[in-house]
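Right, one structure below, let's go through it.
The values are calculated or read from the model by the stated rules, or taken from the named source; none is laboratory data. Computed from a prediction, not measured in an experiment: that's the story for all the values here. All Cβ positions, even for glycine, are placed from backbone atoms using ideal geometry, and neighbour counts span all protein chains on display. With ligands, DNA and RNA removed, areas are computed over all heavy atoms of the protein, side chains included. Shrake-Rupley method; radii C 1.70, N 1.55, O 1.52, S 1.80 Å.
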Amino acid sequence: MAHDLEQQDGKVTFALRGAPAWHNLAQKIFGEDEDVSTATMLKEALLDNWNVRLEPVSDLVPSYRDVSNAQLVLRTNPFDGGTDVLATVGKRYKPVQNEELFDFADAIHDTDPNCRWESAGSIKKGKVVFGSVAIPRTMVLDPKGANDETKLYLVISTSHDGSSAVQAAITPVRVVCQNTLNLAMNSAKQSFKIRHTQTVEGKIAIARQTLGLTLGYFDEFEKQAQELFNIEITNAKFNDIINKMYPKPDEDKKGSLKKWENKVILINDLYHTSPTNENIKGTAWGVVNALTERLDYYRTARKGGESLLQGASGFDPVVTAEKNKIVKQVLALAK
């Protein structure tokens, strides 16, 4: 899985708490119980003082008559202090500094002392910045048996090229394999967006309500997870579910049969033999997690520059839609 983190001269724009991430890259790794301020997280992830700014294209091409009102998005390079051109945008575009993005997250969770920064970084050569905050809420299925734990995070992200809005989302993460389970609940929204033509100020109260930091989203998520966990799945039933969700191709066109075989083998390995699924196989919850873990860590990126890290963090609508489809299909086929 490609991480897509920014790197230069042996440095990387990423910091996190606890164990190193799957890509084994980090500019700074904080201790599990270390007190990490917002400013410290930004500094150690090399996200501070970027000074994201606009400059009219007409200033750089004075020999031409510019009627486009186009602007360049510039930043100060965090590695060498030079100036980078990140994108060309329209006149209504308003840059959001990394510091503003992280302050937005602090305001949403109201600087609850039990909330703490877990990670921060940038991808796509600085065009996308993200961070995550651990929320003090944990779900444990079958604490005396499977003891399967899921934690809750507030994840924030924005782009500096106009490709995405300022975003904040509540994302459950299954601890043993770190796969995100950002599923769309029926009555509790999990995300909030602010376009770059708006201002972040004045949106915090709406964001709190939309994200449901009263934990309404997680309550509903827990009910669905418990329902899946309570459904027993035999090996024969598992094979039936997978074959119906991913039917064998009728013809071997462009290597489709081999691709299908590799997918089915991987799903079987994740479900039956992977240590990340050891305590929950034999349940519909185990089937769902094997399938979502494959999406987060073992698939090939879509054409067009998709970032797998963004998808695994919960900000790719295509991946989120696929995960919701998986849950619906597993529930329908398992009952």
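Things worth noting here:
- Expressed as a whole percent, the accessible area of segment 199-263 that falls on carbon and sulfur atoms is 49 (1.4 Å probe).
- Within segment 45-114: Cβ-based charge dipole about Cα centre, in debye rounded to nearest 20 (Lys, Arg +1; Asp, Glu -1): 580 debye
- Among the trypsin sites (Lys or Arg not before Pro) in segment 214-277, those placed in a DSSP loop whose Cβ has at most 14 other Cβ atoms within 10 Å are LYS253, LYS254.
- Among the trypsin sites (Lys or Arg not before Pro) in segment 60-104, those located in a DSSP loop and surrounded by at most 15 other Cβ atoms within 10 Å of their own Cβ are ARG65, LYS91, ARG92.
- Taking only protein heavy atoms and a 1.4 Å probe, the accessible area of segment 79-138 is 46% carbon and sulfur.
- Mean separation of Cα contacts under 8 Å, 6 or more apart, over the residue count of segment 69-110: relative contact order %: 33 percent
- Only helical runs count toward this figure. For the chain, summing -39,500 (n - 2.57) over DSSP H runs of n ≥ 4 and dividing by all residues gives -9500 deg cm²/dmol at 222 nm.
- For segment 135-286, the alpha carbon positions stretch 54, 47, 25 Å along the principal axes, listed from largest to smallest.
- Alpha-carbon radius of gyration plus Dmax, which is the widest Cα pair, for segment 226-266 in Å: 13.2, 41
- Distances between placed amide hydrogens fall under 5 Å for VAL128 paired with ILE123, HIS160, all partners being 5 or more residues away or on another chain.
- The chain, relative contact order in percent, only Cα pairs under 8 angstrom and at least six apart counted: 14 percent
- Above-threshold pairs, the threshold being 28 Å between Cα atoms, out of LYS144/LYS263; LYS281/LYS335; LYS193/LYS323: LYS144/LYS263
- When each of the peptides 319-326, 165-172 is scored by how many other beta carbons lie within 10 Å of its residues on average, the order from highest to lowest is 165-172, 319-326.
- Amide proton proximity set for ARG137, modelled H, under 5 Å, gap of 5+: LEU152
- At least 24 Å along the helix axis (C-alpha) and Kyte average at least -0.5, DSSP helices within the chain: 317-334
- A DSSP coil position with no more than 12 other Cβ atoms inside 10 Å describes the following chymotrypsin sites (Phe, Trp or Tyr not before Pro) in segment 63-110: TYR64.
- FRET efficiency estimate (nearest 0.05) - Cβ-Cβ, GLN329 to ARG195, R0 35 angstrom: 0.55
- Heavy-atom accessible area per residue - the chain, 1.4 Å, Å²: 49 Å²
- Identified option (computed log10 I(q)/I(0) by the Debye sum over Cα atoms at q = 0.06, 0.07, 0.10, 0.11 Å⁻¹; candidates (1) -0.29, -0.39, -0.73, -0.85; (2) -0.18, -0.25, -0.53, -0.65; (3) -0.24, -0.33, -0.65, -0.77): (3)
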